[in-house]
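Chemist: I have a structure here, written as structure tokens, and I will follow up with some questions on it.
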Amino acid sequence: MPFTGQTHVRIARPSRDLAAAERFWADGLGLDVLYRADAGREPGTHDLLMVGHPDASWHLELVHGGDHPAEPRPTDEDLLVLYFDGPVPEETVERLREHGGKRVVSPNPYWNEWGVTIEDPDGYRLVLCRRGWSNS
């Protein structure tokens, strides 16, 4: 099958604490837990959590542990941007904060003007943007 706009995308990141990540992404943002695995400390395995929407062509995979555990190393520009195409609901921002997120000022003034930036428990940034976006 060729690579198309319908090809599924996985965004993978290391996490220090999958329970904290799940609280933020599932309970805070409202993504579904699509899959979870406990490695049981078998060689060559790691714990993982996949979150997203069941009907989406993408998911976020968070991994922890394993033979060579990776430490999260987010920068100010490691962004996951959600385009709301309208006002960002304050209750969404507050729910994310209540579930481990931290509202931060972006070094890029564009995101401060057009959205709200929240760090997840691992320090990666989620931008809730009030603008819309289309690739067409």
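The values are calculated or read from the model by the stated rules, or taken from the named source; none is laboratory data. Predicted model only: the values in this text are computed from it and were never measured. Heads up, the Cβs are rebuilt from the backbone with ideal geometry, glycines too, and the neighbour counts pull from every protein chain shown. Ligands, DNA and RNA are stripped out before the accessible areas are found, and what is left, the full protein with its side chains, is counted by its heavy atoms. Shrake-Rupley method; radii C 1.70, N 1.55, O 1.52, S 1.80 Å.
Chemist: Can you tell me which residue in the range 7-37 is farthest from VAL63 (Cα to Cα), limited to those that are of a type in the set (D, E, K, R) and touching a strand residue (DSSP E or B) at 6+ places or on another chain (Cβ under 8 Å)?
Modeler: Restricting to residues being of a type in the set (D, E, K, R) and touching a strand residue (DSSP E or B) at 6+ places or on another chain (Cβ under 8 Å), the top hit is ASP32.
Chemist: Applying the selection to the range 37-54, what residues are touching a helix residue (DSSP H, G or I) at 6+ places or on another chain (Cβ under 8 Å) and either modelled with pLDDT of 95 or more or more than 11 Å from PRO14 (Cα to Cα) (or both)?
Modeler: Selection gives LEU49, VAL51.
Chemist: Would the range 29-41 turn up any residue that is assigned to a helix (DSSP H, G or I) and among the aromatic types (Phe, Trp, Tyr)?
Modeler: Checked against the condition, which is being assigned to a helix (DSSP H, G or I) and among the aromatic types (Phe, Trp, Tyr), the range 29-41 yields no hits at all.
Chemist: Residues in the range 105-136 that are open to solvent by less than 20 Å² (accessible area, probe 1.4 Å) and at pLDDT below 95: how many?
Modeler: Final tally of qualifying residues: 0.
Chemist: What single numbered condition from (1) under 28 Å from GLU98 (Cβ atoms); (2) under 15 Å from the mean Cα position of the chain (by Cα); (3) at pLDDT below 95 fails to hold for SER57?
Modeler: So the condition that SER57 fails would be (1).
Chemist: Limited to the range 1-18, what total is found for residues that are closer than 13 Å to VAL51 by Cβ and among the aliphatic types (A, V, I, L, M)? Spell out how you get there, then give the answer.
Modeler: Let us first name the residues in the range 1-18 that are closer than 13 Å to VAL51 by Cβ, namely 10-13, 15, 18.
If we keep only those that are among the aliphatic types (A, V, I, L, M) as well, we get 11-12, 18.
The total comes to 3.
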